[in-house]
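Asks: Sending over a structure as structure tokens; questions will come in a sec.
The values are calculated or read from the model by the stated rules, or taken from the named source; none is laboratory data. Fair warning: this is a prediction, and the values are worked out from it, not measured in the lab. As a convention, Cβ positions derive from the backbone with ideal geometry for all residues, glycine included, and neighbour counts pool all protein chains shown.
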Ligand code: NAD
């Protein structure tokens, strides 16, 4: 493998140095490594639609080289004291904090999201590093003294070995942090396969991890497509795979990974419903719906994509949402006046736009049409304005599919029970929210909604890092949610020790099954 010359100022790289210009390389054994497969893919600047750079795509052999580096680093890393690991994570936390603007600039350059949103992504990722600095406490086991005469039992949690993360385009910094912070804190070594659409943030984070003192080989990155993913799923030395992405791929990752004996948590797509009851504060609900539907151009797995308007709240609510739409500033993510940037690729933009067309064909009322936005018509960037579809029904294609763009749909229902039925019959179950002033109704909703994360007058209920993140139904395949306490559980396995020390004169031969009494 060919190593690439290190940048001159490894301690203070500028976002331009890191995110603009040269090809994006793999990161193996603490170094940027040039791809040898001869395969590579395009990375665009979504704001201009131009090819910004290329990214190497790994072959199976290159994945093997990264796994070998991770495997070689594992014995040393798992033997590293808890306090030393916590110290390194503290340093990484401080480096991410210090480089917030650089990371955000990289996210904006490749994903397209506006700077304020990119800074929010970094902040939510940072929380996970902060949680992981508590690893000495998080890995404390249990101890039972004198379970039998002279016998004690205790439980440890030990790392798994080499673990892998496969991540989506929409959170190129935060989702990797959801995974690697806890994984390496627990003593595992890590292989990341980030989205090929916006790969630079992962290599930047790798450089910060090295600066923080993470030993070579503990954190590795291979870029690429299905070839790299399939090798990860089959590789005998990878013990666990964390995945975040769309539902069809999540299902494939879960089925293939578990078939190869791995522990897998695979988070999939979403169609998050926001139920608005007739007693809700209309302005609060409209502000929340607009923010949660169009923030990050709707490219969030916790975005609100469906408002379920109950009873006579529908007309005033749709009016209040409609009034807010012309004020949304669409433009380049790097422009501080912009509130919503472009979509990630031209293909994705066109796919999102096609759902607005289908909605209209199938009888929805197009209250706002993002295809009419001047930037959508005239710019070479991947822009689409905001769309609002009213009178949507569950049979329509736009309702049945995850759109993952700036399109908000309104389904009108007569009663609370109908609203809950809609939420619960939807095949996705990531997040859902209710807007009401009625505490009893909210409590009933929290009790019966079939989704992993519920908001009460909160449209995007992404749990803080000391809880865990995960959906139900087609939004998660596997048993454990991601990050937080369940992340610690996912990246460790339990070992229970039963111990006794020699006590002269008490030992005897006994062929019976051991009993405690
Ligand atoms: P995606 O499923 O296309 O890609 C995710 C990862 O899988 C990428 O690394 C990609 O390279 C890889 N991949 C893509 N096709 C593959 C294939 N055929 N075989 C093997 N690997 C493949 O998802 P995306 O478009 O990058 O991200 C958007 C999706 O992610 C949306 O569906 C969104 O809801 C979902 N998402 C879910 C969560 C969550 O927490 N549930 C969070 C963020 C995003």
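Asks: Answer yes or no: is there a residue in the range 56-70 that is within 30 Å of residue 379 (Cβ to Cβ) and crowded, with 19+ Cβ neighbours inside 10 Å.
Replies: Looking for residues that are within 30 Å of residue 379 (Cβ to Cβ) and crowded, with 19+ Cβ neighbours inside 10 Å, one finds at least one in the range 56-70, hence yes.
Asks: Scan the helices (runs of 4 or more DSSP H) fully inside the range 202-311 and keep the ones with 1 or more residues being within 12 Å of the ligand (Cβ to nearest atom) and touching a residue at least 24 places away in the same chain (Cβ under 8 Å). Reasoning before the result, please.
Replies: Numbers: elements: 226-234, 247-259, 282-294.
Once the helices (runs of 4 or more DSSP H) in the range 202-311 are filtered for at least 1 residues that are within 12 Å of the ligand (Cβ to nearest atom) and touching a residue at least 24 places away in the same chain (Cβ under 8 Å), what remains is 226-234, 247-259.
Asks: Among the residues of the range 78-87, what is the count of those that are in contact with a helix residue (DSSP H, G or I) (Cβ under 8 Å, 6 or more places away or on another chain) and surrounded by fewer than 21 Cβ atoms within 10 Å (Cβ to Cβ)? Before the answer, list the steps.
Replies: Filtering the range 78-87 for residues in contact with a helix residue (DSSP H, G or I) (Cβ under 8 Å, 6 or more places away or on another chain) gives 82-83, 85-86.
Okay, now just the ones that are also surrounded by fewer than 21 Cβ atoms within 10 Å (Cβ to Cβ), so 82-83, 86.
Within the range 78-87, residues that are in contact with a helix residue (DSSP H, G or I) (Cβ under 8 Å, 6 or more places away or on another chain) and surrounded by fewer than 21 Cβ atoms within 10 Å (Cβ to Cβ) number 3.
Asks: Going through 184, 166 one at a time, which residue ends up being closer than 27 Å to residue 261 by Cα and either surrounded by fewer than 24 Cβ atoms within 10 Å (Cβ to Cβ) or touching a helix residue (DSSP H, G or I) at 6+ places or on another chain (Cβ under 7 Å) (or both)? Give the derivation first.
Replies: Values: 184 fails: either surrounded by fewer than 24 Cβ atoms within 10 Å (Cβ to Cβ) or touching a helix residue (DSSP H, G or I) at 6+ places or on another chain (Cβ under 7 Å) (or both).
Criteria check complete, one pass: 166.
Asks: Moving to a separate point now. Residue 316 fails exactly one of the following numbered conditions: (1) assigned by TED's automatic domain parsing to the domain that holds residue 386; (2) buried (at least 24 other Cβ atoms within 10 Å of the Cβ); (3) away from the ligand (no atom under 15 Å from the Cβ). What is the number of that condition?
Replies: Answer for residue 316: the failing condition is (2).
Asks: Looking at the range 370-382, can you tell me whether even one residue there is within 30 Å of residue 421 (Cβ to Cβ) and touching a helix residue (DSSP H, G or I) at 6+ places or on another chain (Cβ under 8 Å)?
Replies: yes
Asks: Out of everything in the range 221-232 that is in contact with a helix residue (DSSP H, G or I) (Cβ under 7 Å, 6 or more places away or on another chain) and surrounded by fewer than 24 Cβ atoms within 10 Å (Cβ to Cβ), what residue ends up being nearest to residue 37 (Cα to Cα)?
Replies: So the first thing to find is which residues in the range 221-232 are in contact with a helix residue (DSSP H, G or I) (Cβ under 7 Å, 6 or more places away or on another chain), and the list is 221-222, 227-228, 231-232.
In the following step, the residues that additionally are surrounded by fewer than 24 Cβ atoms within 10 Å (Cβ to Cβ) were identified as 227, 231.
On the way: 227: 11, 231: 14 Å.
So the residue we want is 227.
Asks: Can you spot a residue in the range 486-494 that is within 16 Å of the ligand (Cβ to nearest atom), surrounded by fewer than 17 Cβ atoms within 10 Å (Cβ to Cβ) and either in a helix (DSSP H, G or I) or outside the structural domain of residue 130 (by TED's automatic domain parsing) (or both)? Before you say what the answer is, go through the steps one by one.
Replies: At the first step, the residues of the range 486-494 found to be within 16 Å of the ligand (Cβ to nearest atom) are 486-487, 490.
When the remaining residues are screened for being surrounded by fewer than 17 Cβ atoms within 10 Å (Cβ to Cβ), the result is none.
No; the residues of the range 486-494 include none that is within 16 Å of the ligand (Cβ to nearest atom), surrounded by fewer than 17 Cβ atoms within 10 Å (Cβ to Cβ) and either in a helix (DSSP H, G or I) or outside the structural domain of residue 130 (by TED's automatic domain parsing) (or both).
Asks: Would you be able to say whether some residue in the range 310-323 is within 29 Å of the chain's Cα centre (by Cα) and closer than 28 Å to residue 48 by Cα? Write out each step before concluding.
Replies: The first filter runs over the range 310-323 and keeps only residues within 29 Å of the chain's Cα centre (by Cα), leaving 321.
When the remaining residues are screened for being closer than 28 Å to residue 48 by Cα, the result is none.
No, the range 310-323 has no match at all.
Asks: Determine whether the range 175-184 contains at least one residue that is in contact with a strand residue (DSSP E or B) (Cβ under 6 Å, 6 or more places away or on another chain) and away from the ligand (no atom under 16 Å from the Cβ). Walk me through it before giving the result.
Replies: First, pick out the residues of the range 175-184 that are in contact with a strand residue (DSSP E or B) (Cβ under 6 Å, 6 or more places away or on another chain): 175-176, 178-180, 183-184.
Narrowing the set further to residues that are away from the ligand (no atom under 16 Å from the Cβ) leaves 183-184.
Yes: one or more hits.
Asks: May I ask you to list the residues in the range 495-513 that are in contact (Cβ under 8 Å) with a residue 24 or more places away in the chain and assigned to a loop (DSSP other than H, G, I, E, B)? Don't jump to the end; show me each part of the working.
Replies: Just the residues of the range 495-513 that are in contact (Cβ under 8 Å) with a residue 24 or more places away in the chain, to begin with: 495-501, 503, 506.
501, 503, 506, listed by residue number.
Asks: From the list 131, 90, 74, which one is assigned by TED's automatic domain parsing to the domain that holds residue 205 and either farther than 23 Å from residue 27 by Cα or modelled with pLDDT under 95 (or both)? Before you say what the answer is, go through the steps one by one.
Replies: Working: 90 fails: either farther than 23 Å from residue 27 by Cα or modelled with pLDDT under 95 (or both); 74 fails: either farther than 23 Å from residue 27 by Cα or modelled with pLDDT under 95 (or both).
From the options 131, 90, 74, the qualifying one is 131.
Asks: Exactly one condition in (1) crowded, with 21+ Cβ neighbours inside 10 Å; (2) touching a helix residue (DSSP H, G or I) at 6+ places or on another chain (Cβ under 6 Å) is false for residue 160; which is it?
Replies: With respect to (1) crowded, with 21+ Cβ neighbours inside 10 Å; (2) touching a helix residue (DSSP H, G or I) at 6+ places or on another chain (Cβ under 6 Å), residue 160 is out only on (2).
Asks: Right, here's the next one. Working only within the range 53-75, note down all residues that are touching a helix residue (DSSP H, G or I) at 6+ places or on another chain (Cβ under 7 Å) and free of Cβ contacts under 8 Å to residues at least 60 places away in the same chain.
Replies: None - no residue of the range 53-75 is touching a helix residue (DSSP H, G or I) at 6+ places or on another chain (Cβ under 7 Å) and free of Cβ contacts under 8 Å to residues at least 60 places away in the same chain, so the list stays empty.
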